[in-house]
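For reference, the structure discussed in these notes is given below.
The values are calculated or read from the model by the stated rules, or taken from the named source; none is laboratory data. On a predicted model such as this, the values are computed, not experimentally measured, just so you know. Virtual Cβ from ideal backbone geometry, glycine too; neighbours counted across all protein chains shown. The accessibility values were calculated without ligands, DNA or RNA, using every heavy atom of the protein model including side chains. Shrake-Rupley method; radii C 1.70, N 1.55, O 1.52, S 1.80 Å.
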Amino acid sequence: MRYPSVAKNPQNMPGRLMSLSAYLSRTVVTPRGISSAAVLVRDGIILDVVPPGQLPAQISVKDFGEAAILPGLVDSHVHINEPGRTEWEGFRTATRAAAAGGCTSLVDMPLNCFPATTTVRALEAKRKAAGGQCYVDWMSWGGVVRDNQEHIESLAVAGVPGFKCFLIHPGIDGFTMVTERELRAALPHVARTGLPLLVHAELPGPVDQATARLAGADWTRYHTYLQSRPDDAELSAIRLMIALCREYRFRLHIVHLATSQALDLLRDAKSDGLPVTVETCPHYLHFSSDRIPDGHTLFKCAPPIRSRENCEKLWQGLEEGVIDLVATDHSPCPPEMKRLEERSFRTAWGGISSLSLALPVMWTQATSRGFTLADVARWMAEGTSRLAGCESRKGQIAKGFDADFVVFDPEFEFIANEKHLHYRHRVSPYLGEKLRGIVKATYLRGNCVFDGGEFPGDPSGRELRT
């Protein structure tokens, strides 16, 4: 598309052209590849992506030079915790942290808030709590628990993009795990919605058996915790879910895959044409168990961070497409719940906070393995938006999409410290890590929501509904 020249006097410029803005970079990441381009934006929508030589005359142009323009990230696995536990995290702090990390859309998990998002009434409470607080767009997963089968389809009608369940105790009361019998009662309802079921895939049997064998063990040692959550807990859960997927033909999504031993199972399921997708998280791709000091409970998550060899095999799974996407599983809590003084992996809350740093963490590891910014965008924007059902609007720099993008300097190196964390409690296992690539600015529908450490303007995020 070519755009006509206009008079040099801006006062004579047609109104519609005056509303047109251009964002220029030598590295624009689009579904067609990476190139020097200008992103043309009008009324919050991408009008087109054109070569720099085809820019219309006398329009507003922002030239980012060597800094890259990527699609705004879509984080499909975040625990915002509001209403009910805003002291852990809330919409205002979580969405600020997201904007600082180049993320323009979040999908909130249905637990850790109160009430849990297992009914339409609870969903409406969450919508009320979010009002006027959000710096980026958001959605909310519904929950599948022991006794809410009759609410599943009404939640879908009310606008959730899918559902989350646990096959093991989630570590908190108010959101029950589901057994195979309870899953069988819920799955016909899930299948009728056509929406994905996101599964925390660990079964309690292998965990209980492993924990029993650890009587008298030193729980300040990370190795003890790692032994307590064996690979087989994930493997047995994934086998069960694949069998149920084959029987009920619902959309199955495995969250936060930690064991590479499941890759063959998942590859075979996909080869059989089953509707299975898989995610992993930045912490499983950056850390390995040999790097975790004893007593450093900030590293505790479930499933646990496993060996260096396991980490490399997860990267292979990403490269092969067995793993479809990367989401943070941002799971914050007050610092005292991490038992930093007690140093016990048994009693510490399991969860890693990473919203503000996920993109640099991923780029640090991806670039060292020969991946490109296009790969990162595919994993953290396109794949996640597809899971959340917003792929027609989010996750790409392309004509007709929301003008959500992040300005990213891929060469800048820094040591992560507290000033880089913008969520409520500024603790993280990433503090002190040397990372590559930094978010310079984030735009939501063409409006700057983060710029060099500041958050200009009022919160303008909206709920996205399927």
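A quick yes/no check of all residues on (1) among the aromatic types (Phe, Trp, Tyr); (2) closer than 25 Å to residue 355 by Cα:
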residue: 106; (1), (2): no, yes
residue: 110; (1), (2): no, yes
residue: 114; (1), (2): yes, yes
residue: 126; (1), (2): no, yes
residue: 136; (1), (2): no, yes
residue: 143; (1), (2): no, yes
residue: 152; (1), (2): no, no
residue: 159; (1), (2): no, yes
residue: 166; (1), (2): yes, yes
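Within segment 124-152, the set of residues being of a type in the set (A, V, I, L, M), farther than 19 Å from residue 186 by Cα and not in a strand (DSSP E or B) comprises 125, 129, 130, 136.
The residue that is least open to solvent (accessible area, probe 1.4 Å), among those in segment 374-413 that are within 19 Å of residue 159 (Cβ to Cβ) and of a type in the set (Lys, Arg), is 394. Within segment 228-260, the set of residues being under 20 Å from residue 284 (Cβ atoms), of a type outside the set (D, E, K, R) and open to solvent by 10 Å² or more (accessible area, probe 1.4 Å) comprises 230, 235, 236, 260. Looking only at residues in segment 146-155 that are free of Cβ contacts under 8 Å to residues at least 40 places away in the same chain and not hydroxyl-bearing (Ser, Thr, Tyr), the one that is surrounded by the most Cβ atoms within 10 Å (Cβ to Cβ) is 155. Residues that are aliphatic (A, V, I, L, M), open to solvent by less than 10 Å² (accessible area, probe 1.4 Å) and assigned to a loop (DSSP other than H, G, I, E, B) within segment 338-368 comprise 348, 355, 357, listed in sequence order.
Report, by residue number, each residue of segment 80-99 that is open to solvent by 10 Å² or more (accessible area, probe 1.4 Å), out of contact with any Gly (no Cβ under 6 Å at 6 or more places or on another chain) and of a type outside the set (Ser, Thr, Tyr). Hits for segment 80-99 are 83, 84, 85, 87, 88, 92, 96. Of the numbered criteria (1) part of a loop (DSSP other than H, G, I, E, B); (2) over 23 Å from residue 90 (Cα atoms); (3) open to solvent by less than 20 Å² (accessible area, probe 1.4 Å); (4) aromatic (Phe, Trp, Tyr), the one residue 371 fails is (3).
Restricting attention to segment 116-131, the residues that are under 22 Å from the mean Cα position of the chain (by Cα) and open to solvent by 40 Å² or more (accessible area, probe 1.4 Å) total 1. For segment 233-246, a residue qualifies if it is in contact with a helix residue (DSSP H, G or I) (Cβ under 8 Å, 6 or more places away or on another chain) and either aromatic (Phe, Trp, Tyr) or in contact (Cβ under 8 Å) with a residue 60 or more places away in the chain (or both), and the qualifying residues are 233, 234, 240, 244.
The single condition from (1) open to solvent by less than 60 Å² (accessible area, probe 1.4 Å); (2) more than 22 Å from residue 377 (Cα to Cα); (3) not basic (Lys, Arg) that residue 458 fails is (1).
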